[in-house]
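J.: Starting off with a structure, shown below.
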Amino acid sequence: MSTVRTINGFNFYFETLDFQGDSKKFYITLHADSSFKSFDIVINKNWIDKVGFEEAIKYVSKVWDNPLGATKKTLGGLWRIDLKLKYYRNKALENECKKKIELIGNIEDKIVGGFKKLNAIGQVRVLEVLENLIGINEYRA
């Protein structure tokens, strides 16, 4: 959860996720503590992009007075929401990992391209530096 705010004596943990086709605007669940005064609000990022941040917060603010009334009460309902949110979080993490792998690939291409542009003496010096770095890392580990 990213942002924590206390409103009307309740603690709200806010998070935005891409709900990937789910038309639900947001989910509210009990936060993992025993006070029954803390809630997780996960807002659909696509919905925020569509209507704007101010409008989304205005809509979500309707639950601030009585968040217990807006929260699912059955274990089955909470379980389904929890499964959906875990899926959306996993997809977000997967997309973030794909972007980082792509970035690493781009950096690798730049390094190899730069290495190939060097003359033979420059390539030898770069390899010597790399060997020294690897040797230092062996002693540190």
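The values are calculated or read from the model by the stated rules, or taken from the named source; none is laboratory data. Worth saying up front: this structure is predicted, and the values here are computed from it rather than measured. Heads up, the Cβs are rebuilt from the backbone with ideal geometry, glycines too, and the neighbour counts pull from every protein chain shown.
J.: Going by the structure shown, is Leu118 more than 23 Å from the chain's Cα centre (by Cα), loosely packed, with under 14 Cβ neighbours inside 10 Å and in contact (Cβ under 8 Å) with a residue 24 or more places away in the chain?
T.: The answer is no for Leu118.
J.: In addition: Could you name every one of the strands (runs of 3 or more DSSP E) located completely within segment 1-79 that has at least 2 residues being closer than 20 Å to Ala92 by Cβ and either modelled with pLDDT of 80 or more or touching a Cys at 6+ places or on another chain (Cβ under 9 Å) (or both)?
T.: By residue number, 10-17, 26-30, 38-44.
J.: I'd like the residue in segment 91-141 that is outside any helix (DSSP H, G or I) and either modelled with pLDDT of 85 or more or aromatic (Phe, Trp, Tyr) (or both) and, out of all such residues, is farthest from Asp22 (Cα to Cα).
T.: Asn119
J.: Condition check: more than 17 Å from Trp79 (Cα to Cα) and in contact with a strand residue (DSSP E or B) (Cβ under 7 Å, 6 or more places away or on another chain). Does Asn11 satisfy that?
T.: So Asn11 passes the test.
J.: I'd like the full set of residues that are of a type in the set (Asp, Glu) and within 15 Å of Ile57 (Cβ to Cβ), limited to segment 4-42.
T.: Glu15
J.: List the residue pairs whose Cβ atoms are under 7 Å apart, where the first residue sits in segment 9-26 and is more than 12 Å from Trp64 (Cβ to Cβ) and touching a residue at least 12 places away in the same chain (Cβ under 8 Å), the second is among the hydrophobic types (A, V, I, L, M, F, W, C) and in a loop (DSSP other than H, G, I, E, B), and the two are 6 or more positions apart or on different chains.
T.: Close Cβ pairs (under 7 Å, with a partner that is among the hydrophobic types (A, V, I, L, M, F, W, C) and in a loop (DSSP other than H, G, I, E, B)) amount to Tyr13/Met1; Glu15/Met1.
J.: Just give me the residues in segment 32-58 being buried (at least 19 other Cβ atoms within 10 Å of the Cβ) and of a type outside the set (S, T, N, Q), in sequence order.
T.: Hits for segment 32-58 are Phe39, Asp40, Ile41, Val42, Ile43, Trp47, Ala56.
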